[in-house]
Each structure stands twice: as C-alpha cells, then as structure tokens.
Amino acid sequence: MVYTPSKRNGPWAEYYCTHEDYLMHRPSYLTPQEAAACAQAGLVACSTIVQKDRLETNQKCLIVGASGGIGTLAIQMAKQCGAYVIAVCSEKNSSLVKSLGADEVIDYTSTSFVDAFRNKTKLDLVVDLVGGREIEKNAMKVLKKSGIFATVVGPVQYIGDKYLGWIGLVKLFAYLG
C-alpha cells in the first residue's frame, strides 16, 4: 500500500480494505516483506522529492542523510525527476549512494557540505533527513534565494538537538497545534 486517506488502523492492521486506486503492484525484484518495509519510507521520500517540492530536470538537490531508508529512495526519485543529486553520508556508504544514482557524494565526517559548495552554484533543494539546527543553518548558506529547505525530522528547535522530556513534548505539541 502506498497511500491511504483513512486514519483508522492504516497499514498496521492485520486486514485492511481500501480502493484499488490507493494500491500498486509489488516490483518482482522485491519480496513481499521488502516491499512492505519500503512503504513508509517511500511515502516520505515521494512527498518530499516529487509531490511537495516538484523537483525538475537539471535542478540541483542535496540530500543530507542519503544512505538511510528514506535517503536511498529519495536519491532514486530525484534522479528519476532528472535532477543532479549530491548525497551527504559517511565514506563507508558512498558506494551505496553512488550505485543508486548520486552524482556527487560528500563525506560528512571529513567535509562540511557548506565547505564543499563554497564558490559553487547554489542549490534548488536541500532535503534534511537528519535534523538539527546546524543543518538548517548550513542549508540556508547553500540554497538559491528561491531554493527550498525540506526537513522530515520535525520542528528543528525541538527535535534533533536535544532530549525532549515532558516539557519538550508539551512545547512540541503546542508548536504543532
């Protein structure tokens, strides 16, 4: 299942009835378990890369946290849109993200993506799959004026930088409300 408008039970139900428009065929190269595991990450990647930000041919996209579940799918979707993809991950995962289509890889353990883009063309989209104030602040330095910063982590001032605790959760819900 890729999308369902219902909030009742959803994909965690043992059985679920939905309209066929909300289903898709499982690719033959994936087992049923692998396909099920891709559903949530695929939804997030698709909504960030394709639906929400409408990445287009020849645009430049930076994906921070590119070797994770959402990131690996986001690379492939961005490439399918015709974008130039720069992946940020550790050196040990660079061959994985390159095999998925990343045009460039930045090893975050040795180079800041801000330093990597000094004196280079600014980016159209920065996708943050890690979170934290530092990534948001740095993303603004490498984005075009019309560029988009998208984070899937949540309100940066509460998530990614510190332990939430009860007071933090109350602030988070107040922020979201």
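FYI, it's all coordinate maths here, none of it is from the lab. Keep in mind that what you see is a predicted model, and the values were worked out from it rather than measured. All Cβ positions, even for glycine, are placed from backbone atoms using ideal geometry, and neighbour counts span all protein chains on display.
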If E136, E20 are placed from fewest to most neighbouring beta carbons inside 10 Å, the sequence is E20, E136
Quick one: Karplus J couplings for the stretch 123-140, per residue in order, coefficients 6.51, -1.76, 1.60, θ = phi - 60°, nearest Hz, x for Gly and Pro?
-> 9, 8, 8, 10, 9, 9, 10, 10, x, x, 5, 5, 5, 4, 4, 5, 4, 5
By count of other Cβ within 10 Å, fewest leading, how are H19, H25 ordered?
-> H25, H19
Phi to ³J(HN,Hα) by Karplus 6.51 cos²θ - 1.76 cosθ + 1.60 over the stretch 36-49, Hz, x for Gly, Pro | 5, 5, 7, 4, 5, 5, x, 4, 5, 4, 5, 5, 6, 7
If you take the beta carbon distance between N58 and Y29 as r and set R0 to 30 Å, what does 1/(1 + (r/R0)^6) give as a FRET efficiency, to the nearest 0.05?
-> 0.55
